[in-house]
Amino acid sequence: MKQSIHKLPQELQNLIMTAHHVSVNKKIPAYLVGGFVRDMLLGVKNFDLDIVVEGNGIAFAEEFARKTSGGLTTHKRFGTASVIVGHSFKVDIATAREESYPFPATLPVVTPSFLRYDLKRRDFTINAMAIDIGALHFGACIDLYHGKEDLAAQVIRILHDNSFIDDPTRMVRAIRFEQRFGFHIEPHTLRLLKKAARLRMLEKVQPQRTRDELIVILKEKNPMHQLQRLEQLVGVSFLIRGLRFTQKSRKLLAAVEKQMSWFASMHAHRRQIDQWLMRFMVLIDALDLKDTRRVLEKFAFYRGEDKRVLDSKKAAARYEKILTSSALSASQVYSLLEPLSYEGILFIKARSRHARVHAHIEEFLQRLNGMRTHISGNDLRLLGVEPGPLYQQVLKKVLAARLDGFVVTRHEELELARKLIVRK
Ligand code: ATP
């Protein structure tokens, strides 16, 4: 395994060697674990190191952070810590722990332990390998569940038959790794997954945990395959009873992906959009406003996310119609679209096949959205306007006139502002 470590980028090798020295100095056995080991064996880039230690994880992390000048965050209650090194590297350090599940689908009871028990609580064989980075056996691979063989055979396999019952979010994880790597879920694991799906186990999990796994799967590079497989094996009715990822959803997802690529190519300079959120909008497109609210509340999405989803839901059907009109002025298009998020606007574009809707939205994103008035509040103050709502009203009207081409220069804007003030 030393050879695989030597093939890693130099900065990663340095971090591993630093962890090795901390392990030796502090006499705390330490191991690389989880996705990092899997990706290293696959030759896939991964800058997130996952380290498990048999001993005081916090003390280990403090020393590691000091040696790497990294930014340290500790969670003393869980014996875990993260160290951010430079701009690209994140190192998670945890005390080895074992878990027992007093009830299915609930949070486990956790106690400090040894590596072998820490590996036993993991999801799949390919994620349950470790590499010793301690004093005696540096580079030795600990592969209690034949993860290497499963990597070579390209299969996703759980460690024990109760795995999906203990933690049903592993169903979503199984699909995610299967589709990400082009592997397949091995037959026995698949049978147990389907059984847990039939028992609707995912509905029994704390919704925030399901939400987190859903967000991660929606961030994957091949969302269409991911969601099709999710529909096939588990369904999406854990979000709300009766919901499905249908043929119509697939078409909409394809359209959304196309619009996101368009946006990325046209607007590279702007804020990046949250792609996962747009894919989530696709998933819940069939829901009405009331059910959308229920889902958002149940899964406790963050306020900013809630708002973007709800605004787009409210706007989508209505604006799609309005935007087909050829009689709309630039300022009318602006006032419709400006309050929406980029995600919401692109979603409307993806939902519509009407050329004029597309044209209005492109005009907005490419030209109108960036336009500003030459004059500002300061000019109005110099014209003697008292502080108050009049500022906003006048500036809004001047901007509308500019968008529609009625005023072009600063001088013309000032003239218009004067007229508007007198009229008030
Ligand atoms: P990714 O490449 O998507 O980050 P990862 O394997 O690093 O994949 P994480 O979600 O970061 O995935 O989890 C890190 C490790 O923790 C996993 O490799 C796995 O060993 C373990 N793990 C994570 N979630 C679970 C779970 N629900 N049940 C059991 N083990 C888990």
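The values are calculated or read from the model by the stated rules, or taken from the named source; none is laboratory data. Computed from a predicted model, the values in this text were never measured in an experiment. Heads up, the Cβs are rebuilt from the backbone with ideal geometry, glycines too, and the neighbour counts pull from every protein chain shown. The accessibility values were calculated without ligands, DNA or RNA, using every heavy atom of the protein model including side chains. Shrake-Rupley method; radii C 1.70, N 1.55, O 1.52, S 1.80 Å.
Between the C-alpha center of region 179-193 and that of region 1-63 there is a gap of 28 Å. Shape class of region 146-190 from the alpha-carbon gyration tensor: oblate, with a/c at 1.5 or above and b/c at least as large as a/b.
Summing Cβ point charges (Lys, Arg +1; Asp, Glu -1) relative to the Cα centre of region 1-132 gives a dipole of roughly 120 debye.
3J(HN,Hα) along region 325-341: 6, 8, 7, 6, 7, 4, 5, 5, 4, 4, 6, 6, 8, 4, x, 7, 6 Hz, from the Karplus curve 6.51 cos²θ - 1.76 cosθ + 1.60 with θ = phi - 60°, whole Hz, x for Gly and Pro. The calculated pair-distance distribution of the chain uses every alpha carbon pair, bins of 20 angstrom beginning at 0, and gives 21, 43, 26, 9, 0 percent. Given axes a ≥ b ≥ c from the Cα gyration tensor, I'd like to know whether region 309-424 is rounded (a/c under 1.5), prolate (a/b larger than b/c) or oblate. It is prolate, given that a/c is not under 1.5 and a/b is the larger ratio. Of all lysines in the structure, those lying under 23 Å Cα to Cα from K45, and not within fewer than 8 positions of it along the same chain, are K2, K7, K90, K148, K219, K221. For region 80-119, the Cα gyration tensor yields ellipsoid semi-axes of 27, 13, 7 Å (square root of five times each eigenvalue, largest first, whole Å).
Simple point charges give the picture: +1 on the Cβ of Lys and Arg, -1 on the Cβ of Asp and Glu, and for region 321-424 a dipole about the Cα centre of about 240 debye. Label zone of N14 (point 7 Å out along Cα→Cβ, amide N under 19 Å): in region 29-56 this covers 46-50.
Using the Cβ of V216 as centre and a radius below 9 Å, the other residues enclosed give a net charge of 0, where K and R count +1 and D and E count -1. Of the solvent-accessible surface of the chain, computed with a 1.4 Å probe and all protein chains present, 52% belongs to carbon and sulfur. Straight-line cross-link partners of K290 among the aspartates and glutamates, defined as a Cα under 17 Å from its Cα and at least 8 positions apart when in the same chain: E305, D306, D311. Working from Cα pairs under 8 Å separated by at least six residues, relative contact order for region 267-407 is 24 percent. Under 22 Å from the Cα of K419, which lysines turn up, not counting those fewer than eight places away in the same chain? Within reach: K396, K397.
Give K120/K195; K27/K76; K258/K313; K195/K313; K204/K314 a once-over and call out the pairs whose C-alpha atoms are over 24 Å from each other. From K120/K195; K27/K76; K258/K313; K195/K313; K204/K314, over 24 Å: K195/K313; K204/K314.
Which one, A130, P112, L72, is farthest towards the positive end of the dipole of region 1-155 when Lys and Arg carry +1 and Asp and Glu -1 on their Cβ? Working it through, the farthest residue towards the positive pole turns out to be L72.
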